[in-house]
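In what follows, a single structure is set out as structure tokens and then discussed.
Read the figures in this text as sums done on the coordinates, not as results from a lab. All figures in this text were calculated on a predicted structure; none of them were measured in a lab. Because the Cβ atoms are built from the backbone with ideal geometry, glycine has one as well, and the counts that use them run over all protein chains shown.
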Amino acid sequence: MIGGGLAGLSSAVALAEAGFRVRLLEKRPYLGGRATSYALPDGEQVDNCQHVTLGCCTNLDDFYRRVGAAEKIRWYDQLYFLDANGRRGVIEASPLPPPLHLAPSFALFPSLTWRDKRAIARAMIRIVRSGGRPADAEQSPGITMLDWLRRHGQTERAIERFWSVVLVSALDEELARTDAHYGVDVFWKAFLANRGGFRMGIPSVPLGELYDGCRAGVERRGGEVLLRAGVREIHVQGDRIGGIALENGTELTADFYITAVPHDVLPALLPPAIAEREPSFAGLRNLRAAPITGVHLWFDRPVMNEPYLTLLDRTTQWVFNKSRLYGTGVEKDGGQYLQLVISASYDLVPRSRQEIIALCHREMTEVFPAVREAVLRKATVVKETAATFSPEPGCDRWRPAQRSPLKNLFLAGDWTATGWPATMEGAVRSGYLAAEAILAAAGNPQKLLRPDLPVQGLVRFCVRT
Ligand SMILES: Cc1cc2nc3c(=O)[nH]c(=O)nc-3n(C[C@H](O)[C@H](O)[C@H](O)COP(=O)(O)OP(=O)(O)OC[C@H]3O[C@@H](n4cnc5c(N)ncnc54)[C@H](O)[C@@H]3O)c2cc1C
């Protein structure tokens, strides 16, 4: 197993449980890949970026259970919004059956007019009736989400203050660059099909602590997890992998190989002739990357009460009150630690860290009055310029299956063909699918992939077949 992010870890643990002796090789000194945490030079533990999961992420939930991390995820049933006029909205489930469960809180949502809401409701009905797959969002090549919304009569305010707010965070891409199929699927799975789909799961510990059980899961079955064990080269003999070379020169062999590295790393590990000749490897260069910027702010006093908040009409999209998510809301020294997230942050990429901190600090002053009096003790910016692959129209044709053209090589990673966007759920799905492919190749087929949440309530009677 090459790569110790969620794709590699989920595959490794599932295969170890199925009786395989797994050797996992991770280049960095810690596990978790993009969804991890590390210590800053002053010793402060920070997440690479705040990560959240949703109720509809059934495979990630299964993985957390397998490795004993499920109780480190706290579930929240409300989404809080604040617009530039200071109006607050809450989205939460009512006792009504899906797809109406969120309708009462949506009806009260103060940042949209009735005209906006009627347009949104019409588009939602269309999604429900099609079972999450409206024909005009499933075209090949796909249309953008923005085009789909305009075709379905959405007002500019509905696009800006509703669709964009949800989808830019969920898919890390602007609506004008997002395949409508991915955009529609988010609303179907998270907000319409099942009442639990939208619940938000947030780790109550730094991300790196979620993977404590993975090493034990692999080692219990005689396997091993090696850190600082970067792979330099994959040797190909005919139509098979003959072995691999580590960066320190060690040569290793195995019966089966899984790569779970980012999509732009894999071709460089393969012999150039194969990376260029095989369409499933050569096509990877067409997957474009999208950025996410995380801004970490430490104040000398509490400035925010909510555990998290979504901001409308601002550069900052989400504010997470890390002190509250990890504890009581106040640090031991009396201060408070906030983490801000900006997805699809193309505009911030060329800007300096000082400029980004100043911009976010100004926005926090406008949002939380207590910031005016507070001292910003420390701040840091983490720019991930290649955070996720962009779910552009047509990107699916560049996402290869887990079974590769080389007989004993299997591919995992959020960018492989999972049907999901680049998320932790997508990564775990890819890991389970790669493990299923190995089990089948070894003559012991097993189902690892967990099903989606069931379609509930009135939705069962609304879907036109
Ligand atoms: C800033 C940011 C915020 C995000 N927020 C969310 C969120 O809120 N919710 C969500 O669901 N998803 C989120 N994501 C996406 C999520 O993090 C990824 O989809 C997921 O973690 C990808 O897992 P992976 O295993 O496919 O890849 P990775 O996590 O990239 O793992 C690949 C691993 O391979 C290792 N590696 C690379 N080269 C080698 C080599 N030569 N030899 C050995 N090892 C190697 C790397 O060190 C790494 O550990 C976010 C991503 C980012 C960057």
Open item on the list: Report, to one decimal in Å, the Kirkwood hydrodynamic radius for region 40-104 based on all distinct Cα pairs.
Closed with: 15.3 Å
Task: Tensor-based shape of region 106-244 (alpha-carbon gyration tensor, a/c under 1.5 rounded, otherwise prolate or oblate) - done: prolate
- [ ] Answer rounded, prolate or oblate for region 7-88, using the Cα gyration tensor with square roots of eigenvalues a ≥ b ≥ c: rounded when a/c is under 1.5, else prolate when a/b is larger than b/c, else oblate.
- [x] oblate
Open item on the list: On the principal axes of its Cα set, how long, how wide and how thick is the chain? Give whole Å, largest value first.
Closed with: 64, 59, 39
- [ ] Could you tell me which trypsin sites (Lys or Arg not before Pro) in region 384-465 are loop residues by DSSP with no more than 16 other beta carbons within 10 angstrom of their beta carbon?
- [x] 407, 447, 464
Task: Three-way shape label, region 321-465, alpha-carbon gyration tensor, a/c 1.5 - done: prolate
Open item on the list: I'd like the FRET efficiency for residue 114 and residue 75, computed as 1/(1 + (r/R0)^6) with the beta carbon distance as r and R0 of 45 Å, rounded to 0.05.
Closed with: 0.90
Task: Whole-Hz couplings from phi, Karplus 6.51/-1.76/1.60, listed for region 52-66; x for Gly and Pro - done: 10, 10, 10, x, 7, 8, 6, 7, 5, 4, 4, 5, 4, 5, 4
- [ ] Please work out how much length the chain gains when fully extended from residue 248 to residue 228, using 0.36 nm per residue of separation minus the C-alpha to C-alpha distance, in nm with one decimal.
- [x] 6.2 nm
Task: Difference of contour (0.36 nm per residue) and Cα-Cα distance, residue 236 to residue 88 - done: 47.5 nm
- [ ] For the chain, calculate the relative contact order in percent as a whole number, restricting contacts to Cα pairs under 8 Å that are 6 or more residues apart.
- [x] 24 percent
Task: Selection of chymotrypsin sites (Phe, Trp or Tyr not before Pro), region 112-178, meeting DSSP coil and at most 11 other Cβ within 10 Å - done: none
Open item on the list: Expected output is a single nm value to one decimal: the length gained when fully extending between residue 277 and residue 460, i.e. 0.36 nm times separation in residues minus the C-alpha distance. What is it?
Closed with: 61.3 nm
Task: Degrees, to the nearest 10: 6-17 long Cα axis against longest axis of the chain - done: 50 degrees
Task: Counting all C-alpha pairs of region 232-371, share separated by more than 19 Å (%) - done: 64 percent
- [ ] Please sort by residue number the chymotrypsin sites (Phe, Trp or Tyr not before Pro) in region 14-66 whose DSSP state is loop and whose Cβ has at most 16 other Cβ atoms within 10 Å.
- [x] 30
- [ ] List, largest first, the extents of the alpha carbons of region 15-162 along their principal axes, each in whole Å.
- [x] 56, 41, 34
- [ ] Enumerate lysine pairs in the chain that are 8 or more residues apart or on different chains, then count those whose Cα atoms are under 29 Å apart.
- [x] 19
